[in-house]
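Working notes for the structure below.
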Amino acid sequence: MPGGHVIEIEDVAVYLGLDVGKGEHHATALSPGGKRLYDRALPNSEPKLRALFAKLAKHGRVLVVVDQPASIGALPVTVARDAGCLVAYLPGLTMRRIADLYPGEAKTDARDAHIIADAARTMPHTLRDLEPDDETIAALHMLLGFDDDLAAEATRTSNRIRGLLTAIHPHLERVIGPRIRHPALLDLLEHYGSPGAIAQAGLEEITEVLRPGAPRMAGRLAAEILAALCEQTVVVPGTNSAAIILPSLAASLRTVLDQRRKLAANIEELLDTHPLSQVLTSMPGIGARTGARILAEIGDASAFPTAAHLAAYAGLAPVTRRSGSSIRGETPPRRGNRLLKRAFFLAAFASLADPASRAYYDRKIAEGKRHNQALICLARRRSDVIFAMLRNGTFYLPFIPPAT
């Protein structure tokens, strides 16, 4: 996990910068004085990595710095740590800014590797620590990444279905579209496929198709669908083709949603094995997915010196903009860990059922803030509490106003 604090470096004899890639990395090693000790492509294989680390270790302590610690950078980081090397991470935004200080505008692996190594040598404060992930955290990262892919696919397929319905029968889309992921509606689209076929089925048959997935609302939903179908008497060109596509899309969406449900159970089961899981989920609004995301991104929060550092890393700390007398104020930050920020935001939204969270949200709304602004403020406040909970290993305690 990319940490939030600067790594402490002592007695380093070799600064090895790795511009990581899928098949091979480019490695540049510099001495403390800037002399090149190594500068060439390096295959992404354990034997080759170990051989290089062992060779450079003859000069003394080796610091390996990567620009991407996860995914394609996971193997060199793991091998380097196992070989006894120090390991650090140079954030991409920091690297891009530092790159402007070096001559040339070419974007090559060799140049990037040299910049990484030289930044580690001359600007060690720009590096971030890479704490070893425990097995649970590493597994959560992998499962959450797959869940993100499934969520994106579900959104894409949902939008495709709604787009087709809007093109051929907008009245029907207004009824079905907002609830397109409901199992009963997916049953309906798979069973009939076209507005005409649904209309011909009639109220009783539609109700029976909807009932297994929506036992309480089947009759009302069937009536709404038929009423919408009666609003349009013409058949839009392309409707027959859409009728072929819609059942397939509905089946695909159902499969993706089923995969997400099964994966959510796996994530929750894995989260329960971590000692901090119950601490996190004791806070209102934090469920299995958001808790897993927060834990995967910040661990026990020990990488952050203060709660303010965590808020800044999550992109929740407001940015002050001041220039003379013409530009004044604070704006939401555009940087930060967007996955962590989204988890905090969703947890804040889910916590509105909690009286204390709702009271704070209502107070921000009364101050003139819009919905999303008020939620960001609530998420920022909750991040301070989460920091303290993780740091101390304590459960959430609701705020109780003092007796008057």
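The values are calculated or read from the model by the stated rules, or taken from the named source; none is laboratory data. What you see is a predicted model, and the numbers here were worked out from it, not measured in a lab. Glycine also receives a Cβ, built like all others from the backbone with ideal geometry; neighbour counts cover every protein chain displayed.
Per-structure values
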quantity: Candidates Leu339, Leu352, Leu346, filtered to the one that is assigned to a helix (DSSP H, G or I), touching a Phe, Trp or Tyr at 6+ places or on another chain (Cβ under 9 Å) and surrounded by 14 or more Cβ atoms within 10 Å (Cβ to Cβ); calculated: Leu352
quantity: Verdict on Ile365 being part of a helix (DSSP H, G or I), at negative phi and at pLDDT 90 or above; calculated: yes
quantity: Looking only at segment 71-91, and only at residues there that are within 23 Å of the chain's Cα centre (by Cα) and more than 18 Å from Glu24 (Cβ to Cβ), the one that is surrounded by the fewest Cβ atoms within 10 Å (Cβ to Cβ); calculated: Pro91
quantity: Some residue of segment 317-334 being among the hydrophobic types (A, V, I, L, M, F, W, C), farther than 19 Å from Glu268 by Cβ and modelled with pLDDT of 90 or more; calculated: no
quantity: Some residue of segment 116-128 being more than 30 Å from Leu257 (Cα to Cα), out of contact with any Leu (no Cβ under 7 Å at 6 or more places or on another chain) and surrounded by 17 or more Cβ atoms within 10 Å (Cβ to Cβ); calculated: yes
quantity: Residues within segment 37-60 that are in a strand (DSSP E or B) and either under 22 Å from Tyr89 (Cβ atoms) or not assigned by TED's automatic domain parsing to the domain that holds Ala88 (or both), tallied; calculated: 6
quantity: Contacts under 6 angstrom Cβ, first residue in segment 180-196 being not assigned by TED's automatic domain parsing to the domain that holds Ala214, partner surrounded by fewer than 19 Cβ atoms within 10 Å (Cβ to Cβ), 6 or more apart; calculated: none
quantity: Every residue from segment 1-24 that is surrounded by fewer than 21 Cβ atoms within 10 Å (Cβ to Cβ), modelled with pLDDT of 65 or more and in contact with a strand residue (DSSP E or B) (Cβ under 7 Å, 6 or more places away or on another chain); calculated: Ile9, Asp11, Val12, Ala13, Glu24
quantity: Any hit, segment 100-111, residues being surrounded by 19 or more Cβ atoms within 10 Å (Cβ to Cβ) and either more than 25 Å from the chain's Cα centre (by Cα) or modelled with pLDDT under 95 (or both); calculated: no
quantity: Residue within segment 224-237 that is surrounded by 16 or more Cβ atoms within 10 Å (Cβ to Cβ), in contact with a helix residue (DSSP H, G or I) (Cβ under 7 Å, 6 or more places away or on another chain), among the acidic types (Asp, Glu) and touching a residue at least 40 places away in the same chain (Cβ under 8 Å) present; calculated: no
quantity: Among (1) surrounded by 14 or more Cβ atoms within 10 Å (Cβ to Cβ); (2) at pLDDT below 95; (3) part of a helix (DSSP H, G or I), the one test that Thr157 misses; calculated: (2)
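Yes/no matrix, rows are residues, columns are (1) in contact (Cβ under 8 Å) with a residue 40 or more places away in the chain; (2) assigned by TED's automatic domain parsing to the domain that holds Arg211; (3) buried (at least 19 other Cβ atoms within 10 Å of the Cβ):
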site	(1), (2), (3)
Ala242	yes, yes, yes
Ala251	yes, yes, no
Thr255	no, yes, no
Leu263	yes, yes, no
Asp300	yes, no, no
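So that you can scan it fast, the table gives a plain yes or no per residue for (1) in a loop (DSSP other than H, G, I, E, B); (2) closer than 23 Å to Ala88 by Cβ; (3) under 19 Å from the mean Cα position of the chain (by Cα):
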{"residue": "Leu270", "(1), (2), (3)": "no, no, yes"}
{"residue": "Thr273", "(1), (2), (3)": "yes, no, no"}
{"residue": "Leu280", "(1), (2), (3)": "no, no, yes"}
{"residue": "Pro284", "(1), (2), (3)": "yes, no, no"}
{"residue": "Arg289", "(1), (2), (3)": "no, no, yes"}
{"residue": "Ala292", "(1), (2), (3)": "no, no, yes"}
{"residue": "Ser302", "(1), (2), (3)": "yes, yes, no"}
{"residue": "Ala311", "(1), (2), (3)": "no, no, yes"}
